[in-house]
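*Asks:* Could you have a look at this structure, given as structure tokens, before my questions?
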Amino acid sequence: MKLFLLSALGLTVQGCTNILVTPEASTSNEAMIAYNADSASLYGSLYHYPRTEGGGSRDIYDWDSGSFLGSIPEAEKTHNVVGNCNEVGLCIGETTFGGLEGLCATFPGSKVDYGSLIWLTLQRASNAREAIKVMDNLMQTYGYASEGESFSITDAKEVWINEVIGKGTYEKGSVWVAKKIPAGYVSSHANQARITTFEWDDENKAMYAHDVMSFAQKIGLVTSADADRSTFSFSDTYDPVTFEGARFCEGRVWSFFSSVMGPDFEKEYVDYASGFNLTNRMPLFVKPADKISLTDVFSHMRNHFEDSELAFDADVGAGGFGAPYRWRPLTWEYGDDTYVNERAIGTQQTGWNFVASVRPSMPTPLQAVIWFGADDSATTVRVPFYASSTELPLSFVGKGPQDGVVPPMMTFDTNSAFYVTNLVSNWAYSRWSDIYPVVLARIEKYEASFIAQLHEVDQKVLALFNNGQEVEAVNVMNTFAQKLGNGFTEQWFGFFGELFVRFRDGYDITANSEDPECGCTVGGQGYNDATYKRIAEETGEQYKEPADSLKVRSFQPKNKLKVRGV
Ligand SMILES: *[C@@H]1O[C@H](CO)[C@@H](O)[C@H](O)[C@H]1NC(C)=O
């Protein structure tokens, strides 16, 4: 999704975060891609493209705007696609970096935007390297109709980052570089191009558009004297880092890398992540000492810079309950200066998010599982769906602008995973330090349960599959999807009710069967100390009681009383 979208109302800020984990860096030897699709105008739906056969023509709509871009020939056969994974173990995510202004305008007649590029490729390609070639072919044949993008592409063995930018109005198509994440390493990108130099003669390490450097020469970005393969940097040429590119974008990569690499890494690159030293660039990928589990990735996708130099849960902007959230716009003005809000991985404007896991230990049709959540990745539960499922739960599945369909954003619906998860997150935002610990505990309980349930169903579908009963295996996946998906949506709405009862009106109201008045105990302790300190300092005497004020009015007899019996 886009970082900046100029709308009639001014600058609305969007963006996305991806984390990439190679199988050798994972505790369970699975390839993982995590993706938050961040845009206030994005409805949280799980997209489903069933298998097709027979070709024909395919209408392409821009994922961001819903506008019709044109028609292209459909492939003879397409794969079943669930969310951002297909039935043969390929998953694709993205973040938008935009890039040089002069290349953002699309070449007239270009038909394939970045969203459609993802779903077309998932329908056509069977592994990561093939996906990179299919993407190239689609962009050069039909024209690329979006700004600069970093794509995360994984199959069960290889994880790649493919950075792409259009050729503006100079030429049709795009230039790009794809780099493989080495075994045992992890990577991340978040709205800033990250590939600098790359291997020109080793297809096991990098692939690229043949004119990736000569196009830069042609339009004057690189002089002939500087056109040196060993120093040519994709990112520095097409998307040079700026203060905001570092602070809003690389900052999120830094928070993930720091979490897995430790305090030395954090210190080494904090000047870069803060935007104050743009030459101190982080590596494209890092090798953590400890392997990373699926639940670790879930947790990294909940990061809000907690306990780091960019933490923003303690200043006045965090309110009386330490919320690591700031309402947009992302930058604001005071006096003659411009200020930033921090841009964390976990953020309010996420429409949907997932962690895709591709398991090399499984037969191809059972490899990809997309753990899909609607709304904010910090406050939602991700539900596992096999990418070979052919029926998805109604509370999750839906079409999007890329299908030429306007999603039901303006209809509040308690049967929609998107609106139910938004109820919980928005309630948590209002009193973060009180409500979020309760939400997080419940999320972790669901995660553990879903992991156990997936493991059980894995054994079932594997047995059926090995027995040649593929249709039966898919039926089991479908039943599992219905049960978990719709079950979750119903239960999470019930959980919102629980939270609402407990945290109503600023209190913390818990059940107490001993209490005859309400069957409850009313607790709660108001705002945090930092907030009271600020109020006291800002208002001086206004709310202050006199030091000698009478706190308790006790009974003071005017006359000596005669007490009976004494
Ligand atoms: C910026 O980072 C580079 C690379 O680590 C370092 O050499 C340089 O001294 C830093 N500049 C400042 C002003 O700290």
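Readers should treat all values here as calculations from the given coordinates under stated rules, not as data from a laboratory. Computed from a predicted structure; not experimentally measured. Reconstructed Cβ throughout: ideal geometry from the backbone, glycine too, with neighbour counts over all protein chains shown.
*Asks:* Among L69, L484, P408, flag the residue with its Cα farthest along the positive direction of the charge dipole of the chain, charges on Cβ as +1 for Lys/Arg and -1 for Asp/Glu.
*Replies:* Of L69, L484, P408, it is L484.
*Asks:* Then there's this: What percent antiparallel are the DSSP beta bridges of the chain, to the nearest 5? Intermediate results must be reported in sequence, preceding the final value.
*Replies:* Details: 79 of 82 bridges.
Expressed as a percentage, antiparallel bridges in the chain total about 95.
*Asks:* Which value, in debye to the nearest 20, gives the size of the charge dipole of the chain about its Cα centre, when Lys and Arg are +1 and Asp and Glu are -1 at the Cβ? It would help to have the intermediate numbers written out before the result.
*Replies:* Values: 46 positive and 72 negative charges, 267 e Å.
In debye, rounded to 20, the chain gives about 1280.
*Asks:* Expressed as a whole number of Å, what is the distance separating the alpha-carbon centroids of the stretch 169-189 and the stretch 395-448?
*Replies:* With the stretch 395-448 and the stretch 169-189 each reduced to a Cα centre, they are spaced 32 Å.
*Asks:* Another question, then. I want to verify the translational diffusion coefficient of the stretch 129-175 in µm²/s; compute it with Stokes-Einstein, Rh as the Kirkwood radius over Cα pairs, at 4 °C and 1.567 mPa s. Before the final figure, lay out each step's value.
*Replies:* On the way: Rh = 11.2 Å.
Using the Kirkwood radius from Cα pairs, D works out to 116 µm²/s.
*Asks:* Separate question: For F412, F496, F257, F265, what ranking results if the residue with the fewest other Cβ atoms within 10 Å of its Cβ goes first?
*Replies:* Values: F412 10, F496 22, F257 26, F265 18.
Exposure proxy ranking, most exposed first: F412, F265, F496, F257.
*Asks:* Quote to one decimal, in nm, the extra length available between F500 and K558 on full extension: 0.36 nm per residue of separation minus the C-alpha distance between them. Walk me through the numbers before you get to the answer.
*Replies:* Numbers: separation 58, 0.36 × 58 = 20.88 nm, distance 5.02 nm.
This chain segment gains 15.9 nm when fully extended.
*Asks:* Then there's this: Using amide H atoms built in the peptide plane, which far-off residues or other-chain residues are under 5 Å from V397 H to H?
*Replies:* When sequence neighbours closer than 5 places are left aside, the close amide H contacts are L46.
*Asks:* Let me ask something else about it. List, in the order given, every pair from K179/K267; K77/K180; K172/K205; K77/K218; K180/K267; K77/K445 whose Cα-Cα distance in the structure shown is over 31 Å.
*Replies:* Working: K179/K267 27 Å; K77/K180 28 Å; K172/K205 27 Å; K77/K218 38 Å; K180/K267 27 Å; K77/K445 40 Å.
Over 31 Å Cα-Cα: K77/K218; K77/K445.
*Asks:* For the stretch 223-377, what's the radius of gyration and Dmax over Cα atoms, in angstrom?
*Replies:* Answer for the stretch 223-377, Rg first and Dmax second: 18.5, 61 Å.
*Asks:* Still on this structure, I have one more. Give me the three principal axis extents of the stretch 508-562 from the C-alpha atoms, as integers in angstrom, largest value leading.
*Replies:* 49, 43, 12
*Asks:* Next question, about the same structure. If packing is taken as the average number of other Cβ atoms within 10 Å across a peptide's residues, how do 330-336, 350-356, 284-290 rank, most packed first?
*Replies:* Details: 330-336: 10.6, 350-356: 27.9, 284-290: 15.7.
Result, highest mean Cβ count within 10 Å first: 350-356, 284-290, 330-336.
*Asks:* Any cysteines in the chain with zero other Cys Cβ atoms under 4.7 Å from their Cβ? List them, or say none.
*Replies:* Lacking a cysteine Cβ partner under 4.7 Å: C16, C104, C249.
*Asks:* Let me ask you something else. With each run of n ≥ 4 DSSP H residues scored as -39500 (n - 2.57), what mean residue ellipticity at 222 nm is computed for the chain after dividing by its residue count and rounding to the nearest 500 deg cm²/dmol?
*Replies:* Numbers: 11 runs with 158 residues, N = 566.
-9000 deg cm²/dmol, from helical runs alone.
*Asks:* Let me ask something additional. Pick out, in residue order, every one of the trypsin sites (Lys or Arg not before Pro) in the stretch 476-558 that is DSSP loop and has at most 11 other C-beta atoms within 10 Å; say none if there are none.
*Replies:* Values: sites: K483, R502, R504, K533, R534, K544, K551, R553, K558; in loops: K544, K551, R553, K558.
Taking the stretch 476-558 and a limit of 11 other Cβ atoms within 10 Å, the loop trypsin sites (Lys or Arg not before Pro) found are K544, K551, R553, K558.
*Asks:* Within a 10 angstrom radius of the beta carbon, how do M135, M282, M410 rank from fewest other beta carbons to most? Could the numbers behind the result be given before it?
*Replies:* Details: M135 28, M282 20, M410 7.
Placing the least packed residue first, the sequence is M410, M282, M135.
*Asks:* Calculate, axis by axis, the spread of Cα positions in the chain along the three principal axes, and write the results as whole Å, longest axis first.
*Replies:* 107, 63, 47
*Asks:* Answer with one residue from A193, T237, V177: the one whose Cα lies farthest towards the positive end of the charge dipole of the chain, charges on Cβ with Lys, Arg +1 and Asp, Glu -1.
*Replies:* A193
*Asks:* Something else now. Spin-label point model (7 Å from Cα, Cβ direction): what's the T331 to D59 distance in nm?
*Replies:* The two pseudo-label positions are separated by 3.9 nm.
*Asks:* Helix 114-124 against the longest principal axis of the chain: what's the angle in degrees, Cα atoms only, rounded to the nearest 10?
*Replies:* It is inclined by approximately 60 degrees.
*Asks:* Could you tell me whether the stretch 342-409 comes out rounded, prolate or oblate from its Cα gyration tensor? Rule is a ≥ b ≥ c as square roots of the eigenvalues, rounded for a/c under 1.5, then prolate if a/b exceeds b/c, otherwise oblate. It would help to have the intermediate numbers written out before the result.
*Replies:* Details: a/c = 2.36, a/b = 1.28, b/c = 1.83.
Oblate is the answer for the stretch 342-409, as a/c is 1.5 or above yet b/c matches or exceeds a/b.
*Asks:* Read phi for every residue in the stretch 157-165 and hand back ³J(HN,Hα) as whole Hz from Karplus 6.51 cos²θ - 1.76 cosθ + 1.60, θ = phi - 60°, with x for Gly and Pro.
*Replies:* Per residue, the Karplus-derived 3J(HN,Hα) values read 10, 10, 10, 10, 10, 10, 9, 10, 9 Hz.
*Asks:* Once phi is turned into ³J(HN,Hα) by the Karplus curve 6.51 cos²θ - 1.76 cosθ + 1.60 with θ = phi - 60°, what whole-Hz value does each residue of the stretch 56-66 show in order, with x for glycine and proline?
*Replies:* x, 10, 10, 7, 10, 10, 5, 4, 6, 9, x
*Asks:* Could you give each residue of the stretch 30-37 its phi-based ³J(HN,Hα) in whole Hz, using Karplus coefficients 6.51, -1.76, 1.60 with θ = phi - 60°, and x for Gly or Pro?
*Replies:* With coefficients 6.51, -1.76 and 1.60, one gets 10, 7, 9, 10, 9, 9, 9, 9 Hz.
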